[in-house]
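The structure appears right after this line, and notes come after that.
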Amino acid sequence: MEFPALFTLLLLVLVLATLVCTRVSADLVLMAALAVLLISGVLTPEQALVGFSNPGVITVAALYVVAAGLKETGAVQWIARHLLGHPPTQRSALLRLVLPTGLLSGFMNNTAVVAMFIPAVQGWAQRLGIPASKLLLPLSYAAILGGTCTLIGTSTNLVVDGMLQSTQGIQLGLFELAWVGVPLLLVGTVYLVIFADRLLPDRGDVNEALSQVREYGVEMEVVPGGPLVGKTIAEAGLRALAYGYLTEIDRQGRLITAVEPDRTLQEKDRLYFVGAPECASELRRIQGLKPTAGSIHKLEVANHQRCLVEVVLGPEFPALGKSIRDSRFRTRFNAVILSLSREGRRVPGKLGDLTFRMGDTLLLEASHQFVEQYRFRRDFLLVSALNDSTPPDFHRAPRALAILAVMVLLSATGLLPILQAAFLAAGGMILSGALTASRARRSLDLPVLVVIAASFALGNAMAVTGAAQWLAGNIADLGVAAPWLALALVYLATVLFTEAITNNAAAVLMFPVAAALAHELQVSVLPFAVAVMFAASASFVTPLGYQTNLMVYGPGRYRFMDYVRLGSVLSLLAGVVVVSLIPWIWPF
């Protein structure tokens with residue numbers, strides 16, 4: 001082995017050890033490795049930076065914008081509400097969760113699907129009386145399995161497809177992976193429906209700590225002619241919210257204090273909720289409800305520029321001792337008061353009649369600029385925006401869904417490659433008003449994109465220096481002459497990589513080895529590339545290998561062994577299905 005190849009392998013070992021054993025972020029580690037390869041002369045600038053122009057990486061970036069448009073318009077919440085429904089048993093609930101999530105993940109980035117489904121599933125679990133820990137990990141696994149069904153379902157597929165295009169001149173179709181992905185999703189669904197309930201613990205919900213946070217009262221009104229009119233409290237999803245609870249209904253001046261789950265909602269019902277600050281944000285995401293704050297429609301801020309903000313009144317607040325009605329708060333601060341909390345508890349009475357005191361905490365609807373504008377003013381002791389609290393614009397949801405459908409149709413029919421279709425859809429989201437340009441910029445997950453692009457430098461170095469060929473030759477010398485056995489070995493090695501580091505980095509590092517092994521055995525590279533695709537996504541045993549597994553870790557109160565217990569058999573099943581089917585679909 002020549003020195004550049006040895007140097008590359010040593011650097012690869014160092015990168016893997018750093019990612020596994022330290023808390024240094026993956027984007028920093030891989031950019032450092034890129035810099036070392038560039039400065040040492042192992043790679044030319046063109047070779048080191050090839051990942052930043054790879055079609056797969058650019059497609060992932062465009063799809064982030066498409067997913068953001070679906071999120072901003074509430075399209076995914078609309079889909080979730082219609083798909084989840086009211087199953088009678090826990091197993092039927094798992095079936096109603098896993099299959100729709102898997103199918104939706106085939107057409108959206110699965111990370112975005114899980115991010116938007118987590119709050120919906122938490123509230124759904126509470127309404128059904130099921131611990132969220134029984135559903136959130138199956139949600140992540142379903143998104144991973146569904147993402148393998150299409151080329152755009154996961155960034156890993158796009159990245160490997162980009163490498164196939166650049167090195168082999170091969171481009172996969174949008175639904176070509178479905179021949180393996182759909183059977184894998186069905187097998188995974190059966191396994192999760194049967195065993196998830198038995199193998200996952202009952203750890204309650206993080207929202208059991210609601211009593212320890214600031215408590216607000218939030219008043220909402222049922223929109224006349226909206227989707228909630230004629231539905232019961234339970235059907236509307238208001239019986240057991242993730243961050244609050246419904247205490248009473250004001251119906252044309254008549255107060256209903258015993259709110260049964262089967263009570264039917266009527267138009268212009270005023271609903272009074274008590275809960276944490278996030279309760280107001282959660283209620284704004286339910287189509288058919290609107291805040292009753294009388295002046296909220298007068299707020300001179302566009303819907304997509306609004307967010308929820310908490311402020312603590314300081315000693316120099318100009319309206320201390322005045323009522324909210326007399327303070328002219330909206331005119332003075334261009335913000336609307338939704339609720340008031342005092343000493344951590346809600347203050348009873350009509351909001352407009354409450355009197356300001358120093359130390360009161362207000363929950364406001366204001367512009368995104370409010371925090372920066374008033375952070376250092378003496379009116380408030382503290383100013384803090386709630387994360388992800390911009391109210392969705394449900395009126396624009398149909399156009400966002402239509403844009404997604406057009407993108408899938410153009411790609412599936414071959415009229416446009418997926419890169420061009422994704423760019424067209426991202427531009428459509430902005431031009432149609434489903435998403436603003438500033439929100440589109442913020443939707444790009446730059447650390448993830450940097451990890452993917454920088455990984456190409458290591459993968460390229462493996463191919464250029466001969467390190468990948470050396471590894472492939474040693475594997476062949478072990479007696480792995482049968483292509484199916486070599487395929488199984490590539491799959492296993494990629495799974496081990498993806499559990500230890502990240503799915504995209506594992507795919508990029510294993511692709512040159514898989515390609516070199518196929519060349520060594522004088523067989524087609526396509527089966528090996530597809531095996532790398534599926535194996536890099538098959539992260540079920542640890543929370544580290546796939547981003548969606550980490551996203552449900554906290555909300556589900558999971559521990560490491562929960563993943564091992566449920567994911568080990570699923571990982572084995574996935575390996576058997578993939579390695580068995582690939583040679584039939586893509587012969588050696």
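The values are calculated or read from the model by the stated rules, or taken from the named source; none is laboratory data. All values reported here derive from a predicted model rather than from experimental measurement. For neighbour counting, all protein chains shown are included, and Cβ atoms are generated from backbone atoms with ideal geometry for every residue, glycine included. Note: accessible area is taken over every heavy atom of the protein model, side chains too, but ligands, DNA and RNA are not part of it. Shrake-Rupley method; radii C 1.70, N 1.55, O 1.52, S 1.80 Å.
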Practice item. Test Val495 against the stated conditions and say whether it is at pLDDT 85 or above, open to solvent by 20 Å² or more (accessible area, probe 1.4 Å), touching a helix residue (DSSP H, G or I) at 6+ places or on another chain (Cβ under 6 Å) and not charged (D, E, K, R). Key: no
Exercise for review: State yes or no: is Gly314 open to solvent by less than 20 Å² (accessible area, probe 1.4 Å), over 30 Å from Gly253 (Cα atoms), out of contact with any Ser or Thr (no Cβ under 8 Å at 6 or more places or on another chain) and in contact (Cβ under 8 Å) with a residue 40 or more places away in the chain?
Suggested key: yes
Check your understanding: What about Pro587, is it in a helix (DSSP H, G or I) and open to solvent by 10 Å² or more (accessible area, probe 1.4 Å)?
Key -> no
Study note, to complete from the structure: Only one of Val532, Val552 is closer than 25 Å to Asp27 by Cα, open to solvent by less than 10 Å² (accessible area, probe 1.4 Å) and modelled with pLDDT of 90 or more, namely Val532
Check your understanding: So which residues in segment 232-261 are out of contact with any helix residue (DSSP H, G or I) (no Cβ under 7 Å at 6 or more places or on another chain), surrounded by 15 or more Cβ atoms within 10 Å (Cβ to Cβ) and of a type in the set (Ser, Thr, Tyr), if there are any at all?
Key -> Thr232, Tyr245
Check your understanding: Can you tell me which of Leu70, Leu99 is in a helix (DSSP H, G or I) and either among the β-branched types (Val, Ile, Thr) or buried (at least 23 other Cβ atoms within 10 Å of the Cβ) (or both)?
Key -> Leu70
Practice item. Determine whether Leu34 is open to solvent by less than 30 Å² (accessible area, probe 1.4 Å), of a type in the set (A, V, I, L, M), under 18 Å from Ala505 (Cβ atoms) and in contact (Cβ under 8 Å) with a residue 40 or more places away in the chain. Key: yes
Exercise for review: Note down all Cβ pairs under 6 Å where the first residue falls in segment 369-386 and is under 20 Å from Gln305 (Cβ atoms) and touching a residue at least 24 places away in the same chain (Cβ under 8 Å), the second is open to solvent by 40 Å² or more (accessible area, probe 1.4 Å) and assigned to a strand (DSSP E or B), and they're at least six residues apart or on different chains.
Suggested key: Val371/Ala385
Practice item. Check Leu509 against each of (1) in contact with a helix residue (DSSP H, G or I) (Cβ under 8 Å, 6 or more places away or on another chain); (2) on the phi > 0 side of the Ramachandran plot; (3) at pLDDT below 85 and name the one condition it does not meet. Key: (2)
Practice item. Examine segment 102-111 for a residue that is modelled with pLDDT of 85 or more and open to solvent by 10 Å² or more (accessible area, probe 1.4 Å), and state whether such a residue exists. Key: yes
Practice item. Report the residue count in segment 405-441 for those that are over 28 Å from Glu176 (Cβ atoms), touching a residue at least 24 places away in the same chain (Cβ under 8 Å) and of a type outside the set (S, T, N, Q). Key: 6
